[in-house]
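One structure is given here, and the rest of the page talks about it.
The values are calculated or read from the model by the stated rules, or taken from the named source; none is laboratory data. Given the structure is predicted, the values throughout are model-derived calculations rather than measurements. With ideal geometry, Cβ positions are generated from the backbone for all residues, glycine too; neighbour counts draw on all protein chains shown. Just so you know, the surface numbers come from the protein's heavy atoms only, side chains and all, with ligands and any DNA or RNA stripped out. Shrake-Rupley method; radii C 1.70, N 1.55, O 1.52, S 1.80 Å.
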Amino acid sequence: MSNNDISFDGLIFDLDGTLWDAAKTCSIAWNEVLAEYGYTQRLTEDNARSLSGIKLEIMFPQYFPYVPKSQYDIFFECYKNKEPYLMKTLGGKLYPDVLVTLKLLNNKTKLFIVSNCVDGYIENFINYNNFQNIFIDYESAGKTGLEKKDNLKLIIERNQIKNSIYIGDTIGDYEAANYNSIPFIYATYGFGYVPNFTYKIDTFSDIIKIL
């Protein structure tokens, strides 16, 4: 599809599964927590990808059924303490052409990030990749305690974006965009499957064709 008739003044990106894949580092953090609490089970990188953006009340019964509900909060707090250090040192892997494409897009419009990650994760992503001059603003569930649709609304209102578009890879990303009545670009190479979308990209650089 082509979208040459519309000029976007703000492109808002999901992070994991859209801009980079940090599943390896996330799995290391989770496995350190499991070991610390004496569990012998371990998460794979694919498990870590599946965890991306999932709410705690869904995550634990599905992926950590052996963890008592009374330990959910302290277990996750332990993960939140371990992940930032590992992310600063190990980071993740950018998808092909993300760097060059973001630089091209940055010359045309303003760029933002909205993610369901823990507080500080977006900052670590930006610092690890030296993207300080690329993204204008960002918001996370870990910082605000809000759902993605509400954080997306915050970014739009805070930056007075008139024509925004959200780029993500999961059904939750689509629902957040739909809630805010903005177009959605589905990154097919990411972690999830989305049956409905405004546009789709099979590689990150395809965004240039849409714009």
*Gyration tensor verdict on the range 59-184 (Cα atoms; rounded if a/c is under 1.5, prolate if a/b is larger than b/c, oblate otherwise)*: oblate
*With a 1.4 Å probe and every protein chain left in place, work out the accessible area per residue of the chain in Å², rounded to a whole number.*
50 Å²
*Report the label-to-label distance for GLU32 and ASN107 in nanometres (one decimal), using points 7 Å from each Cα along the Cα→Cβ vector.*
4.0 nm
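Within the set LYS108/LYS209; LYS24/LYS149; LYS82/LYS143; LYS24/LYS82; LYS110/LYS153; LYS110/LYS162, which residue pairs have Cα atoms separated by over 19 Å?
Working: LYS108/LYS209 13 Å; LYS24/LYS149 27 Å; LYS82/LYS143 17 Å; LYS24/LYS82 14 Å; LYS110/LYS153 16 Å; LYS110/LYS162 12 Å.
As for pairs spanning more than 19 Å Cα to Cα, those are LYS24/LYS149.
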*Stokes-Einstein at 25 °C, 0.890 mPa s, Kirkwood radius from Cα pairs: D for the range 38-96 in µm² s⁻¹?*
189 µm²/s
*With no solvent and one point per C-alpha, what does the Debye sum give as log10 I(q)/I(0) for the range 148-189 at q = 0.22, 0.35 Å⁻¹?*
-0.64, -1.28
_Separation of the ILE134 and TYR85 label points, Cα + 7 Å toward Cβ, nm_ = 2.7 nm
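Find the eigenvalues of the gyration tensor of the Cα atoms of the range 125-206, then list the square roots of 5 times those eigenvalues as equivalent ellipsoid semi-axes, largest first, in whole angstrom.
Numbers: eigenvalues 79, 59, 34 Å².
Three semi-axes, in Å: 20, 17, 13.
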_Tell me the carbon and sulfur percent of the accessible area for the range 61-211, rounded to whole percent, probe radius 1.4 Å._
49 percent
*Within the P(r) computed for the chain, what percentage of the Cα pairs occupies the region above 31 Å?*
18 percent
*What do you get when you divide the Cα radius of gyration of the range 2-83 by 2.2 N^0.38 Å, with N the number of residues?*
1.41
